[in-house]
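Since the structure comes first, as structure tokens, the remarks are kept for the end.
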Amino acid sequence: MRSGGEEVKREKGKGDYAQLKKLAQKMGSCLFGVADVRPIKNEFILPSSLTRRLNRGISIAAPVSAEILDDIQDRPTLLYYHHYRQLNFFLDRMALKMSFFLQRQGWRALPVPASQIVNWQEQRGHLSHKKIAQRAGLGRIGRNNLLVNPRFGARIRLVSILTNMPLPSDEPNQTDCGRCRRCISSCPAQAIKESPEEFDHMGCFEQLKLFRKEGFAPQYICGICVKACPGKRGSIASGYTN
């Protein structure tokens, strides 16, 4: 039997969650969730002294333009490159604003850059935004090694905020890609296999380097498997709420 104090904390946590989700939607996010990050903290490339008390990860997503993806055939485009950069900037701004909000409420908040590689050999950032998103219930890790949401597919970009605010966490997504294999046949590097665990990271990276060397985009990006994974409704026109 819960005590009265525990019940009050629980209800307050629900209220805080709803307030943050509303704030994220107001800023333009299409998906929002909260993860318990304690089981994956050992994977972070961040000082433990910095993350020791930050046990919740807020995951926010923004949609990738279907029209810009339609322009991609067998290589990235300059239009996609610009859109990719603007989405990351947009997500970083949202994460920063949400961090300011959390700090004004008296909580700690660490916005983690949406796209900043700190280990190119293993293609890793400070943390895995997609793993936090998966634990926050936003989707699954697909065969394409991306976060795949039932509505938007892989056509989203992600950002995370670590906090010590005692928010209720969402249930991790445990689904898989089922019989869909569109990304496998679309991959120019043949890096996508039957399971996410088999994904050929270095094969993918070599293809990204080739695209950059050939002048298709001045950054290591592709977008082909993102285009191949549109979700059930295939468009961001289906709405912005999760």
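Derivation of every value follows stated rules applied to the coordinates shown; laboratory data play no part. Here the structure is a predicted model, which is why all the values come from computation and not from measurement. Reconstructed Cβ throughout: ideal geometry from the backbone, glycine too, with neighbour counts over all protein chains shown.
I need the calculated FRET efficiency for the pair Lys232 and Lys22, taking r as the beta carbon distance and R₀ as 22 Å, to the nearest 0.05.
Working from the Cβ atoms, E equals 0.30.
Between 0 and 90 degrees, rounded to the nearest ten: what's the tilt of helix 78-104 against the longest Cα principal axis of the chain?
Helix 78-104 and the main axis of the chain meet at about 10 degrees.
Using the Cβ atoms and a cut-off under 14 Å, what net charge is assigned to the surroundings of Ser185, where Lys and Arg are +1 and Asp and Glu are -1?
+4
Binning at 5 angstrom from zero up to the longest distance, how are the C-alpha pair distances of the range 85-169 distributed in percent?
Reading the bins upward from 0: 3, 14, 20, 24, 22, 12, 5, 1, 0.
How far, in degrees from 0 to 90, does helix 201-213 lean away from the longest principal axis of the Cα atoms of the chain, to the nearest 10?
Roughly 60 degrees, rounded to the nearest 10.
Mind listing the long-range amide H neighbours of Ala154? Cut-off is under 5 Å, sequence gap 5 or more, other chains count too, H placed in the peptide plane at 1.01 Å from N.
Amide H neighbours of Ala154, under 5 Å, 5+ apart: Asn149, Cys229, Gly231.
Testing the spin-label approximation: label points 7 Å from Cα along Cα→Cβ at Lys41 and Leu78. State their distance in nm.
About 4.7 nm separates the two model spin labels.
Of Cys177, Cys225, how do they rank once you tally other Cβ atoms within 10 Å and put the fewest first?
The order, fewest Cβ neighbours first, is Cys177, Cys225.
When you take every Cα atom in the range 1-118, what is the radius of gyration, and what is Dmax, the widest Cα pair distance, in Å?
Expressed in Å, the Cα Rg and Dmax of the range 1-118 come to 17.6, 60.
Can you give the alpha-carbon Rg of the range 175-215 over 2.2 N^0.38 Å, where N counts its residues?
The reported ratio for this selection is 1.30.
Taking the alpha-carbon distance from Lys193 and a cut-off under 24 Å, which lysines remain once sequence neighbours fewer than 8 residues away in the same chain are dropped?
Reachable lysines: Lys130, Lys131, Lys209, Lys227, Lys232.
Going by amide H atoms built from the backbone, whose H comes under 5 Å of the H on Gly33, apart from near neighbours?
Distant-sequence amide H within range of Gly33: Ser59.
How large is ³J(HN,Hα), in whole Hz, for each residue of the range 29-40 in order, when computed from phi with the Karplus curve 6.51 cos²θ - 1.76 cosθ + 1.60 and θ = phi - 60°, using x for Gly and Pro?
Ordered by residue, 3J(HN,Hα) equals 6, 9, 9, 8, x, 10, 10, 7, 9, 4, x, 10 Hz.
Go through Asn173, Gly215, Cys183 and say which Cα lies farthest out towards the positive end of the charge dipole of the chain; charges sit on Cβ, +1 for Lys and Arg, -1 for Asp and Glu.
Asn173
With a Cα-only, solvent-free Debye model of the chain, what are the log10 I(q)/I(0) values at q = 0.09, 0.10, 0.12, 0.13 Å⁻¹?
Log-scaled intensity ratios, in q order: -0.39, -0.48, -0.68, -0.80.
So what's the projected area for the range 126-242, the Cα convex hull averaged over all directions, in nm²?
Approximately 8.5 nm², given one-decimal rounding.
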